[in-house]
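Please find one structure pasted underneath; my questions will follow.
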Amino acid sequence: MDLVQLTDNAYHLRAGSNAGLLVSGKRALLVDSGLDRDTARRILKHVAALQVKLAVIVITHAHADHFGGAGELKRRTGAPVLAPAFEAAVIENPLLEPVYLFAGAQPPRELEGKFILAQPCPMDGLLKPGRQEITGFEVEVIPAPGHAHNQMMIGAPQEGVCFAADAFFPPEVLDKYGIPFYVDIDQTLATLAALPALPYRVFAQGHGDAYDRDSLEQVLDYNIARVETIRDLAGAALATPADDSQVLQHVADALGLRIEQPAIYYLTRTTIHACLNSLRRAGLAELSLVENRLVWQTTSAR
């Protein structure tokens, strides 16, 4: 994990999954906590090197790579942990993530690895949108749903920095994974469209390097194009009635992807479901039961 200074008092903790750090005097606010105990220990080394005390931990959304280290950090520092509603429930009960990926049933062992099933962490409060003071730190909590149900970004107005969580991804991440994880396509696109209007100079997201305002628009356009491509490919799969697995296969094949792990399949399936629901909201798709099989099709096919 590398410590990258963004401004006088804002830092980006760069790793496979990033964290953010705001410093005020001898105190620090941490944005996200990484994947696990090892990541938590690396965060604490950087905190110690800055000669500050961890005063509070805020979690942007309840995916294991963003909150898995929170319990260890809380245990070792006593810092309170805050997260948005819904996300907080998953952080306290991490089994909920593999459970919802497996349609509510007890998940198989393939969905119980640390990248999906994190260690739990008790909550000390809920994050609500708006400009506010959190244990002495002036921040703006900004809704950014789409990748997660109630994801929030954390703005630091005095520093001109927005810790953007997974509101957008660098092009290299999109190209590597092909079909990122989204729970709501319409909300994802709305979040991406709203980002340029935010009054921040630096956007430090959850994966990859931070972006300044001058380079942000191109990256957001790349994200929008990828999301729309995935949704359009899902729609194209409905020329004849298809179930969700057939739609997933069509989209993955069209993008040249080869899914080789059950966990990746279930994550991808969630994005496909989000696409199908988006198409249905737009009046472009419908679902029906045919011989005990739930299928989707274009509305014009009826």
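The values are calculated or read from the model by the stated rules, or taken from the named source; none is laboratory data. Source: prediction; values computed, not measured. Here Cβ is always computed from backbone atoms with ideal geometry, including for glycine, and neighbour counts include all displayed protein chains.
Does ARG27 meet the test of being at pLDDT 95 or above, charged (D, E, K, R) and under 14 Å from PHE137 (Cβ atoms)?
On the way: at pLDDT 95 or above: yes; charged (D, E, K, R): yes; under 14 Å from PHE137 (Cβ atoms): yes.
When the stated conditions are applied, ARG27 passes them.
A further question follows. For the range 119-156, enumerate the residues that are basic (Lys, Arg) and within 20 Å of the chain's Cα centre (by Cα). Show your work before the answer.
So the first thing to find is which residues in the range 119-156 are basic (Lys, Arg), and the list is 128, 131.
Scanning the range 119-156 gives a single hit, LYS128.
Going by the conditions given, is LEU195 surrounded by 13 or more Cβ atoms within 10 Å (Cβ to Cβ), farther than 26 Å from VAL295 by Cβ and among the aliphatic types (A, V, I, L, M)?
Numbers: surrounded by 13 or more Cβ atoms within 10 Å (Cβ to Cβ): yes; farther than 26 Å from VAL295 by Cβ: yes; among the aliphatic types (A, V, I, L, M): yes.
So LEU195 passes the test.
Quick check on this structure: which one of VAL161, VAL99, VAL139, VAL183 is surrounded by 15 or more Cβ atoms within 10 Å (Cβ to Cβ), free of Cβ contacts under 8 Å to residues at least 12 places away in the same chain and either touching a helix residue (DSSP H, G or I) at 6+ places or on another chain (Cβ under 6 Å) or not charged (D, E, K, R) (or both)? Spell out how you get there, then give the answer.
On the way: VAL161 fails: free of Cβ contacts under 8 Å to residues at least 12 places away in the same chain; VAL139 fails: free of Cβ contacts under 8 Å to residues at least 12 places away in the same chain; VAL183 fails: free of Cβ contacts under 8 Å to residues at least 12 places away in the same chain.
Only one candidate passes the filter, namely VAL99.
Which of the strands (runs of 3 or more DSSP E) contained wholly in the range 1-76 include at least 3 residues that are surrounded by fewer than 17 Cβ atoms within 10 Å (Cβ to Cβ)? Can you show your working first?
Values: elements: 2-5, 10-14, 19-24, 27-31, 53-58.
Per the criteria, 2-5.
Now for a different question. Does the range 12-24 hold any residues that are touching a strand residue (DSSP E or B) at 6+ places or on another chain (Cβ under 8 Å) and farther than 17 Å from GLU138 by Cβ, and which are they? If you could, list the steps in order and put the result at the bottom.
Residues of the range 12-24 that are touching a strand residue (DSSP E or B) at 6+ places or on another chain (Cβ under 8 Å), as a first pass: 12-15, 18-24.
Of everything in the range 12-24, those that are touching a strand residue (DSSP E or B) at 6+ places or on another chain (Cβ under 8 Å) and farther than 17 Å from GLU138 by Cβ turn out to be HIS12, LEU13, ARG14, ALA15, ASN18, ALA19.
On the given criteria, is PHE102 more than 15 Å from HIS147 (Cα to Cα), among the aromatic types (Phe, Trp, Tyr), modelled with pLDDT of 95 or more and assigned by TED's automatic domain parsing to the domain that holds PRO122?
Working: more than 15 Å from HIS147 (Cα to Cα): yes; among the aromatic types (Phe, Trp, Tyr): yes; modelled with pLDDT of 95 or more: yes; assigned by TED's automatic domain parsing to the domain that holds PRO122: yes.
For PHE102, the condition - more than 15 Å from HIS147 (Cα to Cα), among the aromatic types (Phe, Trp, Tyr), modelled with pLDDT of 95 or more and assigned by TED's automatic domain parsing to the domain that holds PRO122 - is met.
Sort out which residues of the range 112-171 are aliphatic (A, V, I, L, M) and in contact with a His (Cβ under 9 Å, 6 or more places away or on another chain), and write them in order of number.
Step one: of the range 112-171, the residues aliphatic (A, V, I, L, M) are 116-118, 123, 126-127, 134, 139, 141-142, 144, 148, 152-154, 156, 161, 164-165, 167.
The answer is ILE116, ALA118, ALA144, ALA148, MET152, VAL161, ALA165, ALA167.
Condition test on ILE116, is it outside any helix (DSSP H, G or I), under 18 Å from the mean Cα position of the chain (by Cα) and farther than 21 Å from ILE264 by Cα?
Numbers: outside any helix (DSSP H, G or I): yes; under 18 Å from the mean Cα position of the chain (by Cα): yes; farther than 21 Å from ILE264 by Cα: no.
No, not satisfied.
Could you identify the single residue in ARG14, ARG27, ARG76 that is basic (Lys, Arg) and either within 29 Å of LEU267 (Cα to Cα) or under 18 Å from the mean Cα position of the chain (by Cα) (or both)? I'd like the intermediate steps shown before the answer.
Details: ARG27 fails: either within 29 Å of LEU267 (Cα to Cα) or under 18 Å from the mean Cα position of the chain (by Cα) (or both); ARG76 fails: either within 29 Å of LEU267 (Cα to Cα) or under 18 Å from the mean Cα position of the chain (by Cα) (or both).
After ruling out the rest, the residue left standing is ARG14.
Here's something else I'd like to know. Can you find even one residue in the range 245-265 that is among the aromatic types (Phe, Trp, Tyr) and in contact (Cβ under 8 Å) with a residue 24 or more places away in the chain?
Taking the range 245-265 as the starting set, the residues that turn out to be among the aromatic types (Phe, Trp, Tyr) are 265.
In the following step, the residues that additionally are in contact (Cβ under 8 Å) with a residue 24 or more places away in the chain were identified as none.
Checked against the condition, which is being among the aromatic types (Phe, Trp, Tyr) and in contact (Cβ under 8 Å) with a residue 24 or more places away in the chain, the range 245-265 yields no hits at all.
Same structure again: Taking the range 198-221 as the search range and keeping residues that are of a type outside the set (Ser, Thr, Tyr) and farther than 16 Å from PHE169 by Cβ, which one is surrounded by the fewest Cβ atoms within 10 Å (Cβ to Cβ)?
So the first thing to find is which residues in the range 198-221 are of a type outside the set (Ser, Thr, Tyr), and the list is 198-199, 201-210, 212-214, 216-221.
From what is left, the residues that are farther than 16 Å from PHE169 by Cβ are 198-199, 201-202, 212-214.
Working: LEU198: 15, PRO199: 10, ARG201: 14, VAL202: 20, ASP212: 12, ARG213: 14, ASP214: 8.
Going through the qualifying residues, I end up with ASP214.
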